[in-house]
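The values are calculated or read from the model by the stated rules, or taken from the named source; none is laboratory data. Just so we're clear, the structure is a prediction, and the values are computed from it rather than from any experiment. Glycine gets a Cβ as well: all are built from the backbone with ideal geometry, and neighbour counts include every protein chain shown. Ligands, DNA and RNA are excluded from the accessible area calculation, which covers all protein heavy atoms including side chains. Shrake-Rupley method; radii C 1.70, N 1.55, O 1.52, S 1.80 Å.
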Amino acid sequence: MSQSVEDDEIDLRELFAALISGWFTIGVSTAIALVVSIFYALFMTVEKYESISVFALNDSKSSSLPAGLGGLAGLAGISLPSSGGASDRVEDIVLSREFLLDTAGKLDLWDDPDFALDTDATSQGSIVSKLLPFLRGLGKSEAEHIQASNDLQAKLRQDMYNRLSKALAINTRDSGVIEISYKDTSPERAARLVNAIVDEVILILETQEIERSRSELQYLETELLRVQEELEQAAQALQQYALSSNIGSMQELTQSSLRLENLRDQRANLLRFSDALASLWEEKNWTDIFLDQTREAHPFVTSLEFRRLLLLGPNLGDWKRPDDAILRSARENIGAQISDLDLLIREGNIRAERAADQAYELALLERNVKVKETLYEVLVKQFEANSLTSGLPGKVARIYERGVPAVYKSEPNRRLIVALGLVLGSFIGAALVLVRSAQTGRVMSRGSLRDSLALEGNYVELKHVRALGARSFATGLAKLGRYSGGFSKLSSFVPIKTRVICLTSSGKSTNARSTALLVTRLLNADSKACLIIDIGSLWSSEKMSEKEILPNLRVKYRMLDGGNSLIQVDNNFDPRAIKQVVELYLNEEHNIVIVGASAEQTRLEIIPTSDSVEQWITTVDVKHTTRQDLRTMQSLSDLVGKRMTFVSGV
């Protein structure tokens, strides 16, 4: 058998064929669903009207610092509260339990008999079920009655909240416009409720805006006083530091730095003089060449200041080496000046470092004072602006459309309910058909049946004549002469000299009987009589008589036209006896047709005779043959090792 029989893949041909074959079930299911949906739409639904109010929130003013001064506020440690938009709070306010119950009290919904009685069946049932326990407890104590009354009030408040919140809907558009809608059985009450809810929400938002402005004003006032105090402290600290450190102006600090640089330059010049004197001291004979080399190494030796140390003239060629005492005195004089300059430079460095640190501290204090002054000015302006606007907060919302009583009801959409009922009924019917088809396992499409069997054996389609499928073999055999169709198709798969054919059926019994008659006619073509062995009781209306064909073996027997014979066996028939009957009639020059009711029965009862069977024919039919039958045929074909011929009715 082909692999397609075993696969669990969905075959669309099978799916659609199953749905088409189950048209009655789908139709009944759809009709029932249609009736139920119509009944529900007409009698089980409550008509409701929807009223919508549309409004938008105004941009709230902000009390944060102006742009560009946020860093300044952070530097000063100030964090002003920002006023976020109120649109994100509208839904929380409207759907809050306290708001809805307060609105119900303001509108006297507790005392409105129409509103109290206009609850749906579920709400009525829940209220009644909650009231009964309290009515039954009339004999309880006063404390128990008080507790029961409190419980009843809590349950009624919960029912009121559930009903209001269920009927409310809030939708916020991208543009910021807010829609609040309410559904009720009364269009006037729906409009009154939605308008009251919008007015109450706007009132709450305005109150919150005023409280926020006052809170910000109070915060600004506190911060202003704090910054003012810090500014005064910073200015006082700056003044005290300047006095205690005796810090002059930045010009004095600059002049001190210039004097220190001048001392360093003088010391460098004296060091060069010292080097030149050391060179002159070491040379005992001052020749012209030596003097020229000295002038090249120390160009300043010809300067007036250097010549004055050694009492030398302006002309280098006239220079003579002075006494050692003069040279020694000049060197000692230069060394003493260098020592004095080192001391002065060291003291100057210490004073300069101290002055630089003091100047840095002074700059920080001045910067802090400047920041405090600027922030103080900003806070003063902000405080003045908030003081002017705190008493006039303005409107927080603009109402574009107030709720009006609806003319047309919004619920129920009876057409949609009926359409959904039709769709649901169709789906339920289709599901039932597919489940039943999966449970029975029947092959529903001819294409699927052909694909499953064509590769496993010879496949032929015949148009069966209803008259040939009669329950009487003699009647069908008598009418066979007027039917010529099907012989050519079937004869191409049945060799002429075939003696024994086994015919089994997994389809309609009429088609099995019709095929058996055709096979009998094919075997009569060589002028030999046929013995038909009916092991499936296909011809139950045949008039039979008992006959002993073998010792201790009696069967139902009837002699037919043309020398053909029909025998029937019951369920207690020994399958091994069939082989004996086949051998007996083969010896009497009979062709034999063994006809079984099902593939499973044939597999169990014909196995002992399978060696004698020359041709295996199986009738199959769409909507009758199951996939289990196909697997049984595969098992039978593998068991006998012969190729089968499958005959399908059309």
Would you check if residue 325 is surrounded by 11 or more Cβ atoms within 10 Å (Cβ to Cβ) and among the aliphatic types (A, V, I, L, M)? no
Please enumerate the residues belonging to the stretch 628-649 that are small (Gly, Ala, Ser) and crowded, with 20+ Cβ neighbours inside 10 Å. 648, 649
Exception for residue 625 within (1) open to solvent by less than 40 Å² (accessible area, probe 1.4 Å); (2) without any contact (Cβ under 8 Å) to a residue 24 or more places away in the chain; (3) not basic (Lys, Arg) falls at (2)
Close pairs from the stretch 274-297: first assigned to a loop (DSSP other than H, G, I, E, B), partner open to solvent by 100 Å² or more (accessible area, probe 1.4 Å), Cβ under 9 Å, at least 6 apart: 286/320
Restricting attention to the stretch 482-505, report how many residues are open to solvent by less than 10 Å² (accessible area, probe 1.4 Å), at pLDDT 80 or above and outside any strand (DSSP E or B). 1
Qualifying residues in the stretch 1-28 (those that are in a helix (DSSP H, G or I) and among the acidic types (Asp, Glu)) - the one modelled with the highest pLDDT: 14
Which count do you get for residues in the stretch 519-537 that are assigned to a loop (DSSP other than H, G, I, E, B) and in contact with a strand residue (DSSP E or B) (Cβ under 6 Å, 6 or more places away or on another chain)? 1
Do any residues in the stretch 166-180 that are among the polar types (S, T, N, Q) have Cβ atoms under 7 Å from those of residues that are modelled with pLDDT of 90 or more and open to solvent by 100 Å² or more (accessible area, probe 1.4 Å), where the two are at least six apart or on different chains, and which pairs are they? none
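A quick yes/no check of all residues on (1) of a type in the set (S, T, N, Q); (2) at pLDDT 80 or above; (3) part of a loop (DSSP other than H, G, I, E, B):
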{"position": "403", "(1), (2), (3)": "no, yes, yes"}
{"position": "415", "(1), (2), (3)": "no, yes, no"}
{"position": "420", "(1), (2), (3)": "no, yes, no"}
{"position": "424", "(1), (2), (3)": "no, yes, no"}
{"position": "427", "(1), (2), (3)": "no, yes, no"}
{"position": "435", "(1), (2), (3)": "no, yes, no"}
{"position": "444", "(1), (2), (3)": "no, yes, yes"}
{"position": "461", "(1), (2), (3)": "no, yes, no"}
{"position": "467", "(1), (2), (3)": "no, no, no"}
I'd like to know if the stretch 29-37 contains one or more residues that are modelled with pLDDT of 85 or more and either charged (D, E, K, R) or over 30 Å from residue 419 (Cβ atoms) (or both). no
Could you list, ordered by first residue, the pairs with Cβ atoms under 7 Å in which the first is in the stretch 426-443 and of a type in the set (D, E, K, R) and the second is open to solvent by 60 Å² or more (accessible area, probe 1.4 Å), at least 6 apart or interchain? 442/623; 442/624
How many residues are surrounded by 13 or more Cβ atoms within 10 Å (Cβ to Cβ) and either within 30 Å of the chain's Cα centre (by Cα) or closer than 18 Å to residue 188 by Cα (or both) if we restrict to the stretch 392-411? 8
Hey, among 368, 333, 315, 349, which residue is of a type in the set (S, T, N, Q) and loosely packed, with under 11 Cβ neighbours inside 10 Å? 315
Does the stretch 145-159 contain any residue that is among the acidic types (Asp, Glu), modelled with pLDDT of 55 or more, assigned to a loop (DSSP other than H, G, I, E, B) and closer than 25 Å to residue 200 by Cα? no
In the stretch 594-621, what residues are under 17 Å from residue 570 (Cα atoms), part of a loop (DSSP other than H, G, I, E, B) and either among the hydroxyl-bearing types (Ser, Thr, Tyr) or modelled with pLDDT of 80 or more (or both)? 596, 598
Would you confirm whether any residue within the stretch 120-139 is modelled with pLDDT of 85 or more, out of contact with any Phe, Trp or Tyr (no Cβ under 7 Å at 6 or more places or on another chain) and assigned to a helix (DSSP H, G or I)? no
Please work out if residue 233 is surrounded by fewer than 14 Cβ atoms within 10 Å (Cβ to Cβ), out of contact with any Phe, Trp or Tyr (no Cβ under 8 Å at 6 or more places or on another chain), farther than 30 Å from residue 347 by Cβ and modelled with pLDDT under 80. yes
Yes or no: residue 589 among the acidic types (Asp, Glu) and in a helix (DSSP H, G or I)? no
Scanning for something over 30 Å from residue 622 (Cα atoms), of a type in the set (Phe, Trp, Tyr), open to solvent by less than 50 Å² (accessible area, probe 1.4 Å) and assigned to a loop (DSSP other than H, G, I, E, B), does the stretch 566-578 turn up at least one residue? yes
I need the full set of residues from the stretch 472-481 which are at pLDDT 70 or above and open to solvent by 40 Å² or more (accessible area, probe 1.4 Å), in order please. 475, 478, 479
